[in-house]
Amino acid sequence: MLDLVTEPWGLLWDVTDACVVVGTPEEVQDPIGTRYFDMQDVVGGVRFGDPEDTTASVPLMKPETLIPWIRERVAERAFSPRWTRIEIRNGIVIVRHRTSVLDSIGRLLEDLRKSLRHPTVSGAPPRPDPSWK
């Protein structure tokens, strides 16, 4: 029955969390969600490695630089719709966006975490894996 109403308008429908969702194909196939990424080890001053070895620590990101860093790599225009949100509170990055973008941010942050834990021989962290896009 819903197909008769939605198809002429190029819309799709799906049942999500016991609710019928009607929207564009993009909205239905890539729904909006909110995720929380715990980055306290990156912005909270946690040292990696042996706590007695002061050379084992790596520079951590300041909380105020993490959000612009994410936006720059995900594409600023991805955050232009008014329904999107990205903020950091107590080391937790809170993002409201489409599932595909949330997945990309998750991979990006994991690459960042790995690069801070395992710097290259030169001491500079490796660049994040480009496959996060």
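What follows is calculated from the coordinates using simple rules that are stated; it is not laboratory data. It should be emphasised that the depicted structure is a prediction, and the values quoted were computed from it without experimental measurement. A quick note on method: Cβ atoms are made from the backbone with ideal geometry, for glycine too, and the neighbour counts reach across all protein chains shown.
Our estimate of slack between Val22 and Ser100, defined as 0.36 nm per intervening residue step minus the Cα-Cα distance, is 26.2 nm.
The calculated FRET efficiency for Arg71 paired with Leu11, based on their beta-carbon distance and R0 = 30 Å, is about 0.45.
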